[in-house]
Structures are given as structure tokens and as C-alpha cells.
Amino acid sequence: MITVDNVSKTFHVPHEVKALRNVSCQVTKGEVVVIIGPSGSGKSTLLRCLNRLEHADTGHIYIDGVDILDRKTNINKVRAEVGMVFQSFNLFPHKTVLENVTLAQMVVRKRSQKDAVSKAMALLQKVGIPDKASVYPDRLSGGQQQRVAIARALAMDPKIMLFDEPTSALDPEMIGEVLDVMKTLAREGMTMVVVTHEMGFAREVADRVLFMDQGCIVEEGTPEHFFTNPTHQRTKLFLSQIL
Ligand code: ADP
Ligand code: MG
């Protein structure tokens with residue numbers, strides 16, 4: 001479903017940073033891959049390259065067989081297939097929850113309002129807040145806002161869902177409700193790439209864990225391998241700091 005082949009990305013402003021150095025990885029259909037690593041190691045840049053919020057400098061990225069770095073590729077089409085959920089929920093503040101979840105369905109997927117609303121209501125049910133449809137985002141808790149953001153991404157029927165630290169901005173008591181929605185998605189077979197510091201989630205849900213440091217994938221393996229028997233010194237050090 002995802003092939004990243006030898007991708008590099010350097011930022012030049014404010015100073016030169018090699019955010020990704022010859023990164024290669026693959027994610028198969030239905031797989032849940034968790035990316036962990038210290039701050040600044042390139043995790044967000046890698047995710048953002050997957051839907052071309054960042055443009056990789058070199059290498060190739062294929063999403064379901066489509067070369068997304070090819071100039072001829074319609075990037076809006078790619079983005080419709082790759083849902084993304086950020087740490088900051090990024091809901092439209094002047095639109096209701098229902099409008100947040102229906103807008104892109106109508107604009108991008110060209111669905112009728114009736115179809116978009118029925119899809120949105122089903123998804124709000126799924127994420128556990130069907131009663132919040134007519135409310136504005138500022139009336140919701142962080143956990144509820146993040147669940148709306150997930151519903152909004154799912155409304156596009158994406159083939160892949162990317163999560164960039166989806167629970168990092170949440171109060172502790174709200175983390176579980178968001179992780180539960182993600183666990184349900186994983187169980188249903190969604191292909192997911194998740195950057196998170198929630199090691200419980202990684203252990204329980206990940207098929208594979210990637211550890212990044214300084215723009216490289218340093219180590220990858222099953223959660224079992226990762227948490228009981230990491231090979232690399234940098235992985236051991238990172239785990240000893242966070243566990
Ligand atoms: P992580 O998500 O693992 O914390 P990032 O991918 O956000 O790491 O960042 C990797 C490196 O690239 C960091 O040194 C960061 O400062 C730099 N970086 C990320 N985005 C930008 C940007 N838009 N402009 C300049 N530097 C950036
Ligand atoms: Mg990040």
C-alpha cells in the first residue's frame with residue numbers, strides 16, 4: 001500500500017537540516033505501523049511526505065501503486081486516499097461538527113448533501129459522539145475534537161490513515177477514548193501509520209514498530225522484538241528514557 005524508496009528531505013531555512021536521510025520502508029495493506037523516536041528525528045516529515053504536505057527531495061514514494069512524486073499525479077486525488085490526523089485537531093472553527101465532516105465529502109468526493117450527512121452521522125456514531133453533530137468545535141473537549149477529526153478523515157473513505165501524535169495535546173483522561181477509536185480502526189483492517197509516544201498502544205496494536213533517529217530508520221521489528229530485545233544502542237537508550 002505504501003512504498004518509500006530512498007527518500008531524503010533537507011530543510012534549508014532557518015538553517016540546513018537533513019530531516020530524512022535515505023529512508024526506505026514499506027507498509028502492506030491492513031498493516032498498522034507505529035513510528036517512534038526522539039523529537040526532531042523526522043517522524044512528522046516522513047508522514048507529511050506520504051501525502052505530499054512536504055515534497056521529498058529525492059527518492060520515490062508509491063501509494064497503492066501511484067508514484068506521488070510524479071508531476072503528472074493529481075495530488076488532490078492522492079490526498080483523498082490518505083487521511084491524516086494531527087496533534088492539533090485542525091477542525092474548521094466556524095463550522096459545526098456535522099459541517100466539518102460533510103464538507104470535503106461534497107467538495108472532493110462530489111457526494112450529495114444527503115449522502116454526506118448520512119455518512120457523517122454514521123461516523124459520528126462510530127467515534128461515539130452522534131449527539132454533537134450541531135455543535136461548534138470550541139464546545140467540545142480535546143478528545144471529542146480529535147474524534148471529530150478522525151471522523152472527518154474517515155468520511156473520505158481513505159485507503160490509508162496517518163496519525164501524527166494524535167493524543168499528545170490531550171489531557172490524560174481523554175487519551176484512551178481516542179486510542180480506542182484507533183484500535184477499532186486497526187481491528188477493522190485499516191492501513192495505518194501512527195507516530196505516537198503511547199507505548200501501550202504500540203505494543204498492543206502495532207504489527208511493526210519503526211524507530212527513527214536523526215532522519216534515519218534505525219531499527220524496525222515487531223513490538224515483541226522492540227520492547228524486549230532491541231538491537232541498536234540508540235533504540236535501547238530511547239526506550240530506557242521513555243519506559
Ligand atoms: P519529529 O516529528 O520526529 O519531531 P520533524 O520531522 O518534525 O521531527 O523534524 C525533523 C527535523 O526537520 C527537525 O530538525 C525540524 O526542526 C526540521 N523541520 C521540520 N519541518 C521543518 C520546516 N518546515 N522547516 C524547517 N525545518 C523543519
Ligand atoms: Mg513530529
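The values are calculated or read from the model by the stated rules, or taken from the named source; none is laboratory data. All values derive from a computational prediction rather than experimental measurement. Counting neighbours? That spans all protein chains shown, and the Cβs are built from the backbone with ideal geometry, glycine included.
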Of (1) in contact with a Phe, Trp or Tyr (Cβ under 7 Å, 6 or more places away or on another chain); (2) within 13 Å of ligand 2 (Cβ to nearest atom), residue 3 fails just (2)
Could you tell me which numbered condition residue 70 fails, if it satisfies all but one of (1) modelled with pLDDT under 95; (2) within 12 Å of the chain's Cα centre (by Cα)?
(2)
Within segment 155-175, how many residues are over 19 Å from residue 81 (Cβ atoms), surrounded by 16 or more Cβ atoms within 10 Å (Cβ to Cβ) and more than 15 Å from ligand 1 (Cβ to nearest atom)?
3
Restricting attention to segment 10-36, which residues are of a type in the set (Asp, Glu) and within 17 Å of the chain's Cα centre (by Cα)?
31
If the Cβ limit is 8 Å and pairs must be 6+ apart or interchain, which residue in segment 31-54 that is free of Cβ contacts under 8 Å to residues at least 40 places away in the same chain pairs with which residue that is assigned to a helix (DSSP H, G or I) and away from ligand 2 (no atom under 11 Å from the Cβ)?
52/75; 52/78; 52/79
Within segment 112-146, the residues that are surrounded by fewer than 18 Cβ atoms within 10 Å (Cβ to Cβ) and among the charged types (D, E, K, R) are 114, 115, 126, 131, 138, 139
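Please work out which residue is nearest to ligand 1 (Cβ to nearest atom), limiting yourself to segment 18-37 and to residues that are surrounded by 15 or more Cβ atoms within 10 Å (Cβ to Cβ) and more than 25 Å from residue 183 (Cβ to Cβ).
Selected residue: 19.
Can you name every residue in segment 221-243 that is of a type in the set (S, T, N, Q) and either part of a helix (DSSP H, G or I) or more than 18 Å from residue 198 (Cβ to Cβ) (or both)?
Of the residues in segment 221-243, the ones of a type in the set (S, T, N, Q) are 222, 228-229, 231, 233, 235, 240-241.
Result: 228, 229, 231, 233, 235, 240, 241.
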Please name all residue pairs, on different chains or six or more residues apart, with Cβ atoms under 8 Å, provided the first residue is in segment 128-155 and is under 15 Å from residue 174 (Cβ atoms) and the second residue is hydroxyl-bearing (Ser, Thr, Tyr) and surrounded by 16 or more Cβ atoms within 10 Å (Cβ to Cβ).
146/167
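For the condition hydrophobic (A, V, I, L, M, F, W, C) and assigned to a strand (DSSP E or B), what is the one hit in 135, 193?
Values: 135 fails: assigned to a strand (DSSP E or B).
Just one listed residue meets the conditions, 193.
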Restricting to segment 184-199, what's the tally of residues that are surrounded by fewer than 22 Cβ atoms within 10 Å (Cβ to Cβ), over 15 Å from residue 242 (Cα atoms) and either basic (Lys, Arg) or within 15 Å of ligand 1 (Cβ to nearest atom) (or both)?
1
Flag if residue 48 is within 16 Å of ligand 2 (Cβ to nearest atom), part of a helix (DSSP H, G or I) and charged (D, E, K, R)
yes
Out of the residues in segment 73-89 that are free of Cβ contacts under 8 Å to residues at least 60 places away in the same chain and hydrophobic (A, V, I, L, M, F, W, C), which is farthest from residue 147 (Cα to Cα)?
75
